[in-house]
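K.L.:
Handing you a structure now.
The values are calculated or read from the model by the stated rules, or taken from the named source; none is laboratory data. As the structure is a prediction and not an experimental result, all values here were calculated from the model. Here the Cβ is made from the backbone with ideal geometry for all residues, glycine too, and neighbour counts use every protein chain on show.
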Amino acid sequence: MKKEIVYFDLPQLLFLFKTNLPDVVFWAETTDDPELFCHRLQAYVSGILSQKPAHSRYEAAKRLLKTLQYEGRTLRDLSTEKEIVCRTFATLWVLLRGEKPKAVRSDFLIDLYFLFAQLHGREAARFTGIDFACQTNRWPTGLDDEVVAVRGRNKERIIRLLVDKIDRLKSTANKYKFDENSLFDDKFRQVEAWWSQHTFHLAMAIRDPKELNRFLDFTLSPATVEVLDEAKKKKMPFFITPYYISLLSVGDEYDDAAIRSYVIYSAELVNTYGNIRAWEKEDAVETGKPNAAGWLLPNEGNIHRRYPEVAILIPDSMGRACGGLCAPCQRMYDFQKKRLNFNLEELKPKESWDAKLARLLRYYEDDSQLRDVLITGGDALMSQNQTLKKILNAVYRMALRKREANKLRPDGEKYAEIQRVRLGSRLPAYLPLRVNSELVDILRNFKEKALEAGISQFIIQTHFESPLEVTPEAEQAVQAILSAGWIVVNQLVFTTAASRRGHTARLRATLNRVGVVGYYTFTVKGFAENYAMFAPSCRSLQECAEEKVFGCLSIEHERQLLPALANPAGLHAFIKGFQKKYKLPFLSTDRSVLNLPGIGKSMTFSTIGVMPDGCRVLKFKHDAGRSHSPIIEHFESVYIVENKSVAAYLRQIGAMGEDVSAYDTIWQYHEGVTEPLFKIYEYPETDFTVTSRYTNLQIDCPGDMVI
């Protein structure tokens, strides 16, 4: 692929078609309508398939035939709930005949050009092991000496600003204040001591765009400040701790786009805020009515559920806040509705919370299929230690009661027992100072007694987005969690900045180094607010096939790794030896998926069309490797229109300094299959048969769910 092609306009692209694909142009010019053009294409492709072509041509022929099957069909895009009509080849026919339909962009023709070029046997250069090493090694980590030194200078600059901030604070209620006669050096040392307390960072969090610019040494562009000012006017939450600000580069010492874009909002996000809809449609709940997955829930905000085995618990506590608001957050809808926020005093548990928690946990206890409690928010570790301890103790008692009740049920009618407890938190990356000795004791003590209730899997589920977030402080926090007998797994969001060649591979390697294993790599949901962050699904497939593959584990590898994961305290040392023994740069334990509206995580899809703006139309199927709500029986497929064309994505990373030619093969990825779940993430086998009967399920109008 020539780099310049993604910048071509329509006349240039038409010339390219006439020069390199004259037969396709001839068929368009010599047919009287697009239907005949499609018949001619179908005959041509069928002829190629009959010749048993090379793999690349075969895949292109498959995609073209699949797209032809959907030509002229009206579908419903489940993400926007709008009807679309697939007119891929009708649009191409008109363009090749010299006409220009309205709203057609060059990106449409670019996508089709590469499809036909592949069909004609033109292949991009393969991505090699040497390419992998070069692309991966260019990314710095937060453990590198040079980066640690930069953060040290940032910290010193920020502490000086914090001294000034505290001097200007008039509230006597603030516990972080100086003695009246303190000199500047005394104040500096005091803030330096407070720096190790996570509560200090929460109290001193930046909530105003102008203050953020000041703390970033006035390096934000006027356009960025204008966007953030608009966010403030729209009352969009803004919350960044001094610790996380210290990770950002103010002097171009390293490329921090993957973390910067997480906390500095795009114009698209700000413009859309106030009209954001729930991508996870099952999160939109009306009391007394089943959600989009068919589950009845005890109330609107505290429990989210999609699958039979697991339900998310969002406590009424400071756990409804975060260490910062992530720009691509799937809970942005809840922040917009003010169910989640950063008013820390308001979020402290009310006296009625204990009774409400007991009622919520009865939902798990009385459900026939639930065996996995995921406590998140917000952020589970934003809850105060005593609050978290109360929640975990209540979970333990509930699990014990559920296990005892099962003794009265015959085999085949027994309920699923609680086997897994997870805490969802980004604080190991955002604010690792939160992991203090008291928290570690709570985690350790809970595990010791929870084992007798049948719980055997204890997981901190976190979000490291970049190897730059893996700092000495984060490493220390992870080691402390591992020492308590909990494993730490990572969920990466595959944003535009994070999707650049080698970046995710470097993150996996850096996380493995400190004892963290990968869980999911999420494609960003495709709503308009995430346009700046979105990387098309074909890039995720490309990353799996060309980069993640270097850490691929065999069945024998998995068998050897599983016992070590059951002993978290020595995990980081074991992984280091394991990688050295098998010459693995990292462990590919994560699955790349898109969180589909209503039916769960999947990367099983086919490309079935291209919209006039160049965005691909994808036909998804659910992940056949796990159980789902029975509602999926009422719809086999889900159609999603991506919100960014492949060409626009390549131009975007090109503007970030990427060599676009390094992504040559991206056009070949148009069909995906969900990766199998790594064994550690499977539920333990039981010595009894769980009932097949569902509780808390109501599928009222399956006809409305047919897509």
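K.L.:
Somewhere in the range 674-693, is a residue within 22 Å of the chain's Cα centre (by Cα), surrounded by 14 or more Cβ atoms within 10 Å (Cβ to Cβ), modelled with pLDDT of 90 or more and not in a loop (DSSP other than H, G, I, E, B)?
P.N.:
Yes, that holds for at least one residue.
K.L.:
All but one of (1) within 30 Å of R409 (Cβ to Cβ); (2) surrounded by 15 or more Cβ atoms within 10 Å (Cβ to Cβ) hold for A358, so report the exception by its number.
P.N.:
(2)
K.L.:
Just checking: which of the helices (runs of 4 or more DSSP H) contained wholly in the range 75-191 hold 1 or more residues that are closer than 28 Å to A54 by Cβ and at pLDDT 95 or above?
P.N.:
Helices (runs of 4 or more DSSP H) meeting the threshold: 88-96, 106-119, 129-137.
K.L.:
Surrounded by fewer than 17 Cβ atoms within 10 Å (Cβ to Cβ) and more than 21 Å from T272 (Cβ to Cβ) - does that describe any residue in the range 222-232?
P.N.:
yes
K.L.:
Enumerate the pairs (first residue in the range 513-525 and in the same structural domain as T495 (by TED's automatic domain parsing) and closer than 18 Å to Y333 by Cα; second residue anywhere and modelled with pLDDT of 95 or more and in a helix (DSSP H, G or I)) with beta-carbon separation below 8 Å, excluding pairs fewer than 6 apart on the same chain, so at least 6 apart or on different chains.
P.N.:
T523/S537; T523/S540; V524/M533
K.L.:
Here's a follow-up. Within the range 547-556, can you find the residues that are farther than 15 Å from Y681 by Cα and surrounded by fewer than 18 Cβ atoms within 10 Å (Cβ to Cβ)?
P.N.:
Matches in the range 547-556: V549, C552, S554, E556.
K.L.:
Oh, and also: Under 8 Å by Cβ, and 6 or more places apart or on different chains, what pairs join a residue from the range 541-561 that is within 12 Å of T504 (Cβ to Cβ) and outside the structural domain of R591 (by TED's automatic domain parsing) with one that is charged (D, E, K, R) and modelled with pLDDT of 95 or more?
P.N.:
none
K.L.:
Sticking with this one: How many of the residues in the range 43-74 are assigned to a helix (DSSP H, G or I) and either assigned by TED's automatic domain parsing to the domain that holds V638 or touching a residue at least 24 places away in the same chain (Cβ under 8 Å) (or both)?
P.N.:
14
K.L.:
Based on what the data block shows, is A311 assigned by TED's automatic domain parsing to the domain that holds K356, modelled with pLDDT of 95 or more and farther than 30 Å from N154 by Cα?
P.N.:
yes
K.L.:
Quick check, is A258 assigned by TED's automatic domain parsing to the domain that holds V421 and on the phi < 0 side of the Ramachandran plot?
P.N.:
no
K.L.:
Just the residues that are assigned to a helix (DSSP H, G or I) and either in contact (Cβ under 8 Å) with a residue 60 or more places away in the chain or surrounded by 13 or more Cβ atoms within 10 Å (Cβ to Cβ) (or both), please, taken from the range 19-38.
P.N.:
The answer is N20, V24, V25, F26, W27, A28, E29, P34, E35, L36, F37, C38.
K.L.:
So, one more: Of the residues A509, A480, which single one is assigned by TED's automatic domain parsing to the domain that holds C615, touching a helix residue (DSSP H, G or I) at 6+ places or on another chain (Cβ under 7 Å) and either in a helix (DSSP H, G or I) or surrounded by fewer than 24 Cβ atoms within 10 Å (Cβ to Cβ) (or both)?
P.N.:
One residue alone meets the criteria, A480.
K.L.:
Can you tell me which of (1) part of a loop (DSSP other than H, G, I, E, B); (2) surrounded by fewer than 17 Cβ atoms within 10 Å (Cβ to Cβ); (3) touching a Pro at 6+ places or on another chain (Cβ under 7 Å) is the one T287 doesn't meet?
P.N.:
It is condition (3) that T287 fails.
K.L.:
Sticking with this structure for a sec: Quick check on G412: is it among the small types (G, A, S) and crowded, with 17+ Cβ neighbours inside 10 Å?
P.N.:
So G412 fails the test.
K.L.:
Just checking: which of the strands (runs of 3 or more DSSP E) contained wholly in the range 513-606 hold 3 or more residues that are at pLDDT below 95?
P.N.:
So the answer is 591-596, 600-602.
K.L.:
Which condition number does K82 fail, the rest of (1) over 30 Å from F586 (Cβ atoms); (2) surrounded by fewer than 21 Cβ atoms within 10 Å (Cβ to Cβ); (3) over 27 Å from the mean Cα position of the chain (by Cα) being met?
P.N.:
The failed condition is (3).
K.L.:
Restrict the check to the range 417-430 and report whether at least one residue is touching a Lys or Arg at 6+ places or on another chain (Cβ under 8 Å), of a type in the set (F, W, Y) and crowded, with 21+ Cβ neighbours inside 10 Å.
P.N.:
no
A quick yes/no check of all residues on (1) within 21 Å of D208 (Cα to Cα); (2) assigned to a strand (DSSP E or B); (3) in contact with a Phe, Trp or Tyr (Cβ under 7 Å, 6 or more places away or on another chain):
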residue	(1), (2), (3)
N271	yes, no, no
A278	no, no, yes
N299	no, no, no
H304	no, yes, no
Y307	no, no, no
G319	no, no, no
C326	yes, no, yes
E345	yes, no, no
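K.L.:
Cβ contacts < 6 Å: first residue within 23 Å of R500 (Cβ to Cβ), restricted to the range 233-262; second residue part of a loop (DSSP other than H, G, I, E, B) and polar (S, T, N, Q), any location; separation 6+ or different chain. Result?
P.N.:
If the second residue must be part of a loop (DSSP other than H, G, I, E, B) and polar (S, T, N, Q), the pairs left are V250/T219; D256/S249; A258/S466; I259/S466.
K.L.:
On the basis of being hydrophobic (A, V, I, L, M, F, W, C), buried (at least 22 other Cβ atoms within 10 Å of the Cβ) and within 29 Å of T521 (Cα to Cα), does I314 make the cut?
P.N.:
The answer is yes for I314.
K.L.:
Residues in the range 36-52: is at least one over 27 Å from R73 (Cβ atoms) and not small (G, A, S)?
P.N.:
Among the residues of the range 36-52, at least one is over 27 Å from R73 (Cβ atoms) and not small (G, A, S), which makes the answer yes.
K.L.:
Looking only at the range 579-606, count every residue that is in contact (Cβ under 8 Å) with a residue 60 or more places away in the chain and in contact with a helix residue (DSSP H, G or I) (Cβ under 6 Å, 6 or more places away or on another chain) and tell me the total.
P.N.:
Count: 9.
K.L.:
Taking the conditions exactly as written (crowded, with 21+ Cβ neighbours inside 10 Å, of a type in the set (K, R) and closer than 25 Å to R76 by Cα), does R616 satisfy them or not?
P.N.:
Yes; evaluated as a whole, the condition is true for this residue.
K.L.:
Residues in the range 205-217: is at least one at pLDDT 95 or above and either assigned by TED's automatic domain parsing to the domain that holds S499 or in contact with a Lys or Arg (Cβ under 6 Å, 6 or more places away or on another chain) (or both)?
P.N.:
no
K.L.:
Out of L202, L96, L112, L162, which single residue is crowded, with 18+ Cβ neighbours inside 10 Å, of a type outside the set (D, E, K, R) and touching a strand residue (DSSP E or B) at 6+ places or on another chain (Cβ under 7 Å)?
P.N.:
L112
K.L.:
Identify, from the list R397, R331, R403, R422, the residue that is basic (K, R) and at pLDDT below 95.
P.N.:
R331
K.L.:
Only one of G609, G654, G614 is part of a strand (DSSP E or B), under 19 Å from S106 (Cα atoms) and at pLDDT 95 or above. Can you tell me which?
P.N.:
Exactly one of G609, G654, G614 is part of a strand (DSSP E or B), under 19 Å from S106 (Cα atoms) and at pLDDT 95 or above, namely G609.
K.L.:
Mind checking whether some residue in the range 557-571 is crowded, with 23+ Cβ neighbours inside 10 Å and under 21 Å from the mean Cα position of the chain (by Cα)?
P.N.:
The answer is no, given that none of the residues of the range 557-571 is crowded, with 23+ Cβ neighbours inside 10 Å and under 21 Å from the mean Cα position of the chain (by Cα).
K.L.:
Just to verify a result, which residue in the range 336-357, among those that are at pLDDT 85 or above and hydrophobic (A, V, I, L, M, F, W, C), is nearest to S499 (Cα to Cα)?
P.N.:
Checking each candidate, the answer is L357.
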